[in-house]
Amino acid sequence: MRDLEKTAPARLLEWYDSHARDLPWRIPPKQALNGVRGDPYRVWLSEVMLQQTTVAAVRSYFAAFTTRWPTVQALAAADDADVMGEWAGLGYYARARNLLKCARVVASDYDGVFPDTVDGLRALPGIGPYTAAAIAAIAFDRPAVVVDGNVERVMARLFDVHTPLPSAKAELTDLAGRLTPDTRAGCHAQAVMDLGATICTPRNPACGICPLIADCAAKAAGTAQDLPRKTPKKPKPIRFGVAYIVRRSDGAWLLETRPERGLLGGMLGWPGTGWAETLPDPVPPIAADWRDLSGEVRHTFTHFHLRLALKVAAVGMDARPSRGAFVAATDFRPADLPTVMRKAFDLVRTEVNQEPE
DNA sequence: CATACGTGGGG
DNA sequence: TCCCCAAGTAT
């Protein structure tokens, strides 16, 4: 064990120096070795986007955000609706709400400079234990213990830990801490995560090319495939709902901004019923002659499956909705919608296009 | 400690 | 088709 605590991090860094993935928010190891560090704003933005989200999904969003808002001050000055619209499609929308809150705190209370300690970072909105440690290590080169899903998996295998997650969290964090070096902590953290993402993968790990194979207890025991163990998940129920899609004679669409709290909080959407296991009583948002669409939207969220029926109507310029507001056709971008709402729009457009004027 | 919270890709 | 999972956080 004592030996592994020195050899494993050394092998890991050696591997990272030649195999680090090229990512837009990353300082290449050769530069990092010379003391170059990433812009804390970009490190923070990338880490928030990467929470429970794949690198592939994040790339285009990171490019769009940093182009539109190059600094934390620029982001802090943005309109809420613009930020939510730019985040649309990336999921976990509380991240976008907290992103904006955090940017405004940093801009107003910290003069635009991110705190450089784990505790200081941890106090900011949307920054939890993982993200605080990641920013402290990557942007400020502090020897923080960075533990994400990758690190948990690598540690569980390296030390052949059979305790299921999430119970094993504390134990795996302790093990990760033993391997965290005092220097190059940012590179070390990214190295473990890269290893987990590309070699020590959840399924079919590529142990044959792993730089830590000589240290890996699970490989020796033949248990790598089965680790980390996880407590079984609950089945997802099916929920039902109705959404109303209204077009005014000038082409405007009836939309509403959803409440800040809860599912898709703060995002644009079509007015409709709530979503429940028995279909709620539909209450139209405006008086109109409704037509039921033949198809339905099927969408799966984290904890339930949704089947969303659609009702469509055309209304005149004098129609007054009981909820939501009309958005001019020129101001409406389907890309501003969360995916389930965009699916609904796509379905309406498809069915309407099949009919003659 | 458990639950709510998105989405897209891979097997 | 279906299940798993991904650089987690807030409550």
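The values are calculated or read from the model by the stated rules, or taken from the named source; none is laboratory data. Values in this document were obtained by computation on a predicted structure and should not be read as measured data. So basically every Cβ, Gly included, is an ideal-geometry build from the backbone, and we count neighbours across all protein chains shown. The area values use the complete protein model at the heavy-atom level, side chains included, leaving out ligands, DNA and RNA. Shrake-Rupley method; radii C 1.70, N 1.55, O 1.52, S 1.80 Å.
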Cα long-axis angle, helix A:55-68 against chain A (0 to 90 degrees, to the nearest 10): 70 degrees
Total charge dipole magnitude, chain A, about the Cα centre, Cβ charges on Lys, Arg, Asp, Glu only, Debye to nearest 20: 700 debye
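Which FRET efficiency value, to the nearest 0.05, do you get for residue A:213 and residue A:92 by plugging their Cβ-Cβ distance into 1/(1 + (r/R0)^6) with R0 = 45 Å? Please report the intermediate quantities before stating the final value.
Working: r = 35 Å, r/R0 = 0.77.
Efficiency, from the Cβ-Cβ distance: 0.80.
With a 1.4 Å probe and all protein chains left in place, how much accessible area per residue does chain A have, in Å²?
50 Å²
I'd like the carbon and sulfur percentage of the solvent accessible area for chain A, probe radius 1.4 Å, heavy atoms only, ligands and nucleic acids excluded. It would help to have the intermediate numbers written out before the result.
On the way: 9230 of 17810 Å².
Using a 1.4 Å probe with all protein chains present, chain A comes out at 52 percent carbon and sulfur.
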12 Å beta-carbon shell around residue A:17, net charge (K/R +1, D/E -1): +1
Under the Karplus curve 6.51 cos²θ - 1.76 cosθ + 1.60, θ = phi - 60°, whole-Hz ³J(HN,Hα) for region A:26-33, x wherever Gly or Pro sits: 9, 8, x, x, 4, 6, 4, 4
Per-residue ³J(HN,Hα) for region A:294-300, Karplus 6.51 cos²θ - 1.76 cosθ + 1.60, θ = phi - 60°, Hz, x for Gly and Pro: 5, x, 9, 8, 10, 8, 10
Cα long-axis angle, helix A:129-140 against chain A (0 to 90 degrees, to the nearest 10): 60 degrees
Additional length obtainable on full extension of the chain from residue A:198 to residue A:302, 0.36 nm per residue less Cα span: 35.0 nm
Cβ-based net charge around residue A:307, under 9 Å, with every Lys or Arg adding one and every Asp or Glu removing one: +1
Qualifying lysines (Cα of each under 18 Å from Cα of residue A:6; at least 8 residues distant if same chain): none
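Quick check on chain A: take the gyration tensor over C-alpha atoms, sort the square-rooted eigenvalues as a ≥ b ≥ c, and tell me if it's rounded (a/c under 1.5), prolate or oblate.
Numbers: a/c = 2.74, a/b = 1.83, b/c = 1.50.
Prolate.
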Helix axis angle, A:149-158 relative to chain A longest principal axis, alpha carbon, degrees: 30 degrees
Straight-distance crosslink candidates among aspartates and glutamates, where the alpha carbon sits under 12 Å from residue A:236 and sequence neighbours closer than 8 are dropped: A:277
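As a test of the formula, what do you get for chain A when each DSSP H run with n ≥ 4 contributes -39,500 (n - 2.57) and the sum is divided by the residue count, at 222 nm and rounded to the nearest 500 deg cm²/dmol?
Details: 14 runs with 148 residues, N = 357.
About -12500 deg cm²/dmol.
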Full-extension gain in nm, residue A:122 to residue A:52, via 0.36 nm per residue minus C-alpha separation: 23.4 nm
